[in-house]
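First comes the structure, then the notes that go with it.
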Amino acid sequence: MKNINRKNQLYFDFGRDYEADLDNFFFSSKNSILKSELDEILNGSINQKLFITGNKADGKTFLLNSFLNHNKIKQLQSIYIDVSTLNKNENYLEGLASFDLVCLDNIHKIAENIEIQIFNLINECKATKTNLILASNGNPNELNYFPDLISRFNEFKRCRINPIDDNDVVECMIFVTQKLNLNFSEELIQFISLRIRRDFYSIKMTLQDFDKFLYSEKKQPTKISAASFLKSYLN
């Protein structure tokens, strides 16, 4: 945790990743609405309430951290909290309604004694300019919290990090190879794309591991070397 001294109060950034970069988040075509909502905040919108859902490996935590690391957000008073780490009888969220941006992660893992704190924070933020972004594996109505808190969650704009589908795989692979400076031909990318799992983490790890394989085996990036790698890698 990193201590943050703001307005004579001591806060903690719970679980922050200060290296995450928004330029490294792949927005597939189906995630254009989510990107648009985040762009609104970057462009100065206030009092936005956004509830982001997605599967476990879809990058919610990375997205929140990289968004907070954006140059425009760095100029603001902001904080990231992984609420799944809060379980003591302390008022962790007191005073956060004065912040410009509050990001609460893992909303689906709230301890019972923290529910009322989040409920109170949402109510307090209604009277301020605070942008509030929540991230969860499940939609509000799938969560087992007290009804008034679920009602507050349902007032948020809802966006989902949609999984990468077949039409986005090649584009995603090109995105990753460019970010990692991997010199793979389009023909090779097409070949691997037919044999790779459809989530960003798996795509990135497969391409990185293939590059390591090429280095260790002193091979060139070809369909033959890819077939040899994938035969053992996917089994």
Could you give the distance between the Cα centres of segment 93-107 and segment 186-235, to the whole Å? 41 Å
Does anyone have the angle between helix 200-217 and the longest principal axis of the chain? Alpha-carbon axes, 0 to 90°, nearest 10? 40 degrees
Given only helices, namely DSSP H runs of n ≥ 4 each adding -39500 (n - 2.57), what is the per-residue ellipticity at 222 nm of the chain, to the nearest 500 deg cm²/dmol? -11500 deg cm²/dmol
Please give the helix 223-233 orientation as an angle from the longest Cα principal axis of the chain, in degrees from 0 to 90, rounded to the nearest 10. 60 degrees
Search the structure for amide H atoms under 5 Å from the amide H of R158, placed 1.01 Å from N in the peptide plane, and list their residues when 5 or more places away or on another chain. F51
For E186 and D17 in one chain, what is 0.36 nm times their gap in residues minus the Cα-Cα distance, to one decimal in nm? 57.6 nm
Between R195 and N144, what is 0.36 nm times their sequence separation minus the Cα-Cα distance? Round to one decimal in nm. 14.6 nm
Nearest-ten-degree value, helix 169-179 long axis tilted from longest Cα axis of the chain: 90 degrees
Within segment 14-114, GluC sites (Glu not before Pro) in DSSP loop having at most 10 other beta-carbon neighbours inside 10 Å: E19
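Here, each number is a calculation from the coordinates, and none is a lab measurement. All of these numbers come straight from a predicted model, not from anything done at the bench. Glycine gets a Cβ as well: all are built from the backbone with ideal geometry, and neighbour counts include every protein chain shown.
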